[in-house]
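**Student:** Sharing a structure with you now.
The values are calculated or read from the model by the stated rules, or taken from the named source; none is laboratory data. Treat the numbers as computed from the prediction; the structure is a model and nothing was measured. All Cβ positions, even for glycine, are placed from backbone atoms using ideal geometry, and neighbour counts span all protein chains on display. Heads up: the accessible areas ignore ligands, DNA and RNA and are worked out on the full protein's heavy atoms, side chains in. Shrake-Rupley method; radii C 1.70, N 1.55, O 1.52, S 1.80 Å.
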Amino acid sequence: MSPHLGRHKLAAGTAVADWADKHYLVVDDFEGIRQLLRESLRNLGACHIDQAASGGEAMTMLIRTRYDVVLCDYNLGEGKNGQQVLEEARVRNLMAPSSMWLMVSAEKSVESVMGAAEHQPDAYLIKPITEGMLLTRLNRVWQKKQVFREIDQAFLEKDYLRAAKLCGAKAADDKLHELDLLRMQAVLLLKSGEPHQARAVFERVLAERDYNWAKAGVAKIRMLDGELDAARQLFEGVIAENRYYIDAYDQLATAYQLLGQPEQACDVLEKAAGLSPNSVSRQCGLGQASFKMGNLGVAEKAFRKCIAIGEYSVMKTADAYLGLARVYGMKNEPKEALQLLIAVQREFTSELIGLRAKITEGMVYHESGDYRRARKTGDELEQMLLADSARPDTPTCLELATLLFAVGVKEAPVDLLSYLIRNNHDNALLLEDVQRIFDKARMGDEGNLLIVAWRKEAADMMNQGVLLWKTGKLAEAVEWMRHARLALPNNLRILFNSAQIIISHLREHGFDEALSGEASAVLLHVDAIAPAQQRFGQLMEQLAALAPVVADEVPAAPAPGA
């Protein structure tokens, strides 16, 4: 018997959820299942229930309405599946922090469950679903959401340090959710640029019990600190204990790349892709790593899989099309490669994709032995560079320089690589890539001299600004760093130090709206060219703390006798 009650108790002394006032979305391609779930929700007291029969229809409704609860089937027929709907809802921030997402499926395969789990639904329900099971899961998820409501809001506002402090405070009083809170606190501290505080939290947890997520967290921090072999061993230990801990595979592959062991990195990525094959980014990463190793068979398979699973995904990427075109070029199949390049420009319309497709076209001609067409493409690209002083992103610059050298152009690729060196003077891995391109062009000595010279120029420019700052000449330091930003507009160290110096000036001489706006613009530029940098959150918080508090306006008292 299921009485129509809007409020249900979890246990004595706990908060109760009111299911009557919430808005629900039920997504399933079978009308009968939608009706069953709808009736179950009505029996819990739900009044506002919408339905969608496909992934596309669900996205339309999610864009239009902020739902409190989504019950979404994994298999939705043609178009987006449930995993892809959840993925896009997360990427596009279509769900409030307090919203609940329950993935529903008859699928029990590891592949399906893990694929959905990577996008973090609040619960995963296996059909058939009873009303009691649904109520239990809803109550459990709702109770947890109440604990994290304030924290989620701070996270949504990108105030990661405040969110981390809230986690610590709540963990001290809430033993039921203490582990979840500590785990979230450590993640937030990492995002805030406080890896050593995060490590202390992970180690506090490990002192009580040997949790794999805490070991993986310590391993990530050791990798950040350059302790690559220690990190590798920790990740391998986590995988040995839980072969389905997919994030540990991704991190282990990164550790192997940093250790200069790309073959081992490829092996790890291939295992991860086998366990959870429906990740667009992982398949693309496997394809790129395998291509670099010359393993064209694995690269082709991974790029093809990436294109197939990306068809309805918000993570759909041009990299898979361009990568597969390169594979065809290496296999001396230029016709198939050129068809892919037409397709990628049809699917993705940005200017950068047009440039990258043109670079890939030149590579395909060169790799398949059509040197005349390759040189013609190179000449066209050189003219494009001369006509526009703006430079594309780093991977595109590397690809373009490689092609131009290959077709016999010298000056333009040297200028491109010089630009990269000056704007990334402390990025050792990138500088190794630059040196390899010079080596391949038989200009190794010249490349080495350029790297040394441009690194010195960038370091000297930055150090002069820091010296002015440290010796108290803040106005001069601010002005110097302005010139440095003009010369090296995408050098992260210079951008961050410039923002830090402006913040110091504001602390020392008082708030200035124009200077505050300048620092904010610098930091937003950093976030645009290199998202998720650790110092970004720290400096944004410092800058926000300096802004004057605007008191609420108080109405004037009425004149006497009024």
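**Student:** Using the Kirkwood formula over every pair of different C-alpha atoms, what hydrodynamic radius in Å results for region 23-109? Don't skip to the end; give the middle numbers.
**Tutor:** On the way: mean 1/r = 0.0780 Å⁻¹.
Averaging 1/r across every pair of different Cα atoms and inverting gives 12.8 Å.
**Student:** On to the next question. Shape call for region 66-222 from the C-alpha gyration tensor, a ≥ b ≥ c root eigenvalues: rounded (a/c under 1.5), prolate (a/b greater than b/c) or oblate? It would help to have the intermediate numbers written out before the result.
**Tutor:** Details: a/c = 1.76, a/b = 1.71, b/c = 1.03.
The shape class here is prolate.
**Student:** Then there is this: With the other protein chains left in place, how much accessible area per residue, in square angstrom, belongs to the chain at a 1.4 angstrom probe?
**Tutor:** Working: 27950 Å² over 562 residues.
Computed with neighbouring chains in place, this is 50 Å² per residue.
**Student:** Moving on. From the phi of every residue in region 347-361, what ³J(HN,Hα) in whole Hz does the Karplus formula 6.51 cos²θ - 1.76 cosθ + 1.60 yield, where θ is phi - 60° and glycine or proline is x?
**Tutor:** Taking θ as phi minus 60°, the curve returns 7, 10, 10, 6, 4, 4, 5, x, 5, 5, 5, 5, 4, 5, 4 Hz for region 347-361.
**Student:** How large is the charge dipole for region 227-317, taken about the Cα centre, if only the Cβ atoms of Lys, Arg (+1) and Asp, Glu (-1) carry charge, to the nearest 20 debye? Don't jump to the answer; show the numbers that get you there.
**Tutor:** Values: 9 positive and 11 negative charges, 86 e Å.
That gives a dipole near 420 debye.
**Student:** Using Cα-Cα distances under 8 Å and only pairs 6 or more residues apart, what relative contact order does region 408-474 have, in percent?
**Tutor:** Numbers: 33 pairs, mean separation 21.1, N = 67.
Once divided by the residue count of region 408-474, the mean separation gives 31 percent.
**Student:** Stretched out fully, how many nm does the piece from Glu39 to Asn448 gain, at 0.36 nm a residue minus the Cα gap?
**Tutor:** Details: separation 409, 0.36 × 409 = 147.24 nm, distance 7.09 nm.
Here the segment from Glu39 to Asn448 would lengthen by 140.1 nm.
**Student:** Here is a follow-up. Show me, for region 485-494, the HN-Hα J-couplings you get by feeding each phi into the Karplus relation (A = 6.51, B = -1.76, C = 1.60, θ = phi - 60°), rounded to Hz, glycine and proline as x.
**Tutor:** Those phi angles translate into 5, 5, 6, 10, x, 10, 7, 4, 4, 5 Hz.
**Student:** Another one. Measure off, as a whole percent, the carbon and sulfur share of the 1.4 Å-probe accessible area of the chain, all protein chains present.
**Tutor:** Working: 14710 of 27950 Å².
Answer for the chain: carbon and sulfur cover 53 percent of the accessible area.
**Student:** Could you point to the label whose value was computed as semi-axes √(5λ) of the Cα gyration tensor in Å for the structure here, given (1) 42, 25, 22; (2) 44, 35, 24; (3) 72, 25, 23?
**Tutor:** Checking each listed value against the structure points to (2).
**Student:** Sticking with this one: Give me the net charge for the shell around Asp388: Cβ to Cβ below 12 angstrom, other residues only, Lys and Arg +1, Asp and Glu -1.
**Tutor:** On the way: positive: Arg391; negative: Glu351, Glu382.
Here the charged neighbours net out to -1.
**Student:** How big is the shadow of the Cα convex hull of region 173-283, averaged over all directions, in nm²? Please report the intermediate quantities before stating the final value.
**Tutor:** Working: hull surface 30.4 nm².
The Cα convex hull of region 173-283, projected and averaged over all directions, gives 7.6 nm².
**Student:** When the Cα atoms of region 299-370 are enclosed in a convex hull and the volume is divided per residue, what value in Å³ results? The partial results should precede the final answer.
**Tutor:** On the way: hull volume 5.1 nm³, N = 72.
Dividing the Cα hull volume of region 299-370 by its residues yields 71 Å³.
**Student:** Further question on the same structure: Please report, in Å, the Rg and the Dmax of region 391-546, where both are computed over Cα atoms only.
**Tutor:** Rg, Dmax (Cα atoms, Å): 17.5, 56.
**Student:** Pull up the cross-link candidates among the lysines for Lys331, meaning alpha carbon to alpha carbon under 16 Å and not fewer than 8 places away within one chain.
**Tutor:** The reachable lysines, counting only those whose Cα sits under 16 Å from Lys331, are Lys292, Lys301.
**Student:** At 25 °C and 0.890 mPa s, what whole-number value in µm²/s does Stokes-Einstein give for the translational diffusion of region 227-324, with Rh from the Kirkwood sum over Cα pairs? List each step's numbers first, then the result.
**Tutor:** On the way: Rh = 13.5 Å.
Result for D is 182 µm²/s.
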